[in-house]
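Coordinate-derived values only; no laboratory data. As the structure is a prediction and not an experimental result, all values here were calculated from the model. Cβ: placed from backbone, ideal geometry, glycine included. Neighbour counts: every protein chain shown.
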Protein chains: 2
Amino acid sequence: MTPQANPDGEVRPVARPAERAWTALLRAHGAATRRLSGSLQAEHGLTLNDYEALSALARADGRRLKRIDLARGLSLTPSGVTRLLEGLERAGLVRRASCEEDLRVVYAELTEAGVARLEAASCGHVGSIRSLLEERLSEGELEEVADLLERLPGAAESGSAAGDTSG
Amino acid sequence: MTPQANPDGEVRPVARPAERAWTALLRAHGAATRRLSGSLQAEHGLTLNDYEALSALARADGRRLKRIDLARGLSLTPSGVTRLLEGLERAGLVRRASCEEDLRVVYAELTEAGVARLEAASCGHVGSIRSLLEERLSEGELEEVADLLERLPGAAESGSAAGDTSG
DNA sequence: CGTGTACTATTGAGTTCGCAAGCAAATGTA
DNA sequence: TACATTTGCTTGCGAACTCAATAGTACACG
């Protein structure tokens, strides 16, 4: 890896660990996303975020989540979640449920069809993920990546998304 | 391998290393992207990919790259690159240059204005990246993440993107 | 030389997502 | 009670992508 071939190089090539890590993250995400998205879309008619949303809901207590919490868990904005769930609701995979205690809140709740669809997609999708990742990295290394990446912003909320909804 | 076939409500979250790593990658990317994109856009009028493109061009031999190589290096489609460069060309940051040896090829070449703009943005952007990442991870850990992530698909092409595609 | 296949780049159409703005409900202050 | 602020959600609009289709070019093969 020889980043700099600069004739009159004022521009500093990527070299610092942080920058290397960032670039690698960008590229790994781009490549993996495109690959996984393709097969998920083709085989089950779901986007990556559709799947992630369904999956987050399935893991949640009562199989439902406040939309705002879903947004945080998915690293999306509230508006992104509205649009995302629009499609899922239209497909009958998710339904809306109001919250008695806070009328501002709308729950996104997995339907039976949603559970079924997720289960149908799950095996193949997880298989794709595993083959993509395990092809190049050992289990131990994967764990290491996961540990490290989970300490970055964005991962923090994910664990509590299903529980912390005190509003 | 179904992540959550738990009738009695005992939530079994995604656990396999590959899945954990994938989820963490997704979230870290989403959160970091949004944060960095915001400040880059606000301070320099560049998107993340604008910056990455400029940066890749700056590192390349002769400060220019075939569009197809740029696409691979950025994990974008050729069409995505056409659109991306459209804006950069309109802004005078990049110009087109034809290839004598292969008339299909169009080079994207950094202009002086492009170099200047990149340099102006570089310091702040790199600073944002570093503070975002180094806030939570040590240098050694960052290096580890980079090493691991670079072994994933998508990173492989980056090294040769600046060079030759005659393969 | 002509033909078929592969490759580079662009364009049209459609999708996804964020920002800004706006509404409704909750919360704080007096 | 009255009013300001914050929070959750939705919508208009625009930006950035992708896919499919298209045109021009390169190259191997007969």
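Structure summary
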read-out	value
Shortest-first distances to equivalent copies, position B:SER131, nm, label 7 Å out along Cβ	4.4
Global form of segment B:29-113, assessed from the alpha-carbon gyration tensor, a/c cut-off 1.5	prolate
Virtual paramagnetic centre 7 Å along Cα→Cβ of A:THR77, amide N under 12 Å, in segment B:19-58	B:34-35, B:38
Three-way shape call for segment B:26-167 based on the alpha-carbon gyration tensor, with the a/c threshold at 1.5	oblate
Residues with amide H under 5 Å from that of B:TYR107, placed H, sequence gap 5 or more	B:ALA97, B:SER98, B:CYS99
Simple spin-label estimate for B:GLU143 and B:ASP102 in nanometres, 7 Å along Cα-Cβ	3.7 nm
Long-range amide H partners of A:VAL94 with built H, under 5 Å	A:GLU89, A:THR111
For segment B:53-102: rounded, prolate or oblate by the Cα gyration tensor [a/c cutoff 1.5]	rounded
B:SER122, A:SER98 arranged by Cβ crowding within 10 Å, fewest neighbours leading	A:SER98, B:SER122
Ranking of B:ARG104, A:ARG27 by count of other Cβ atoms within 10 Å, fewest first	B:ARG104, A:ARG27
Exposure proxy order (Cβ contacts within 10 Å, fewest to most) of A:LEU65, B:LEU103, B:LEU76	B:LEU103, B:LEU76, A:LEU65
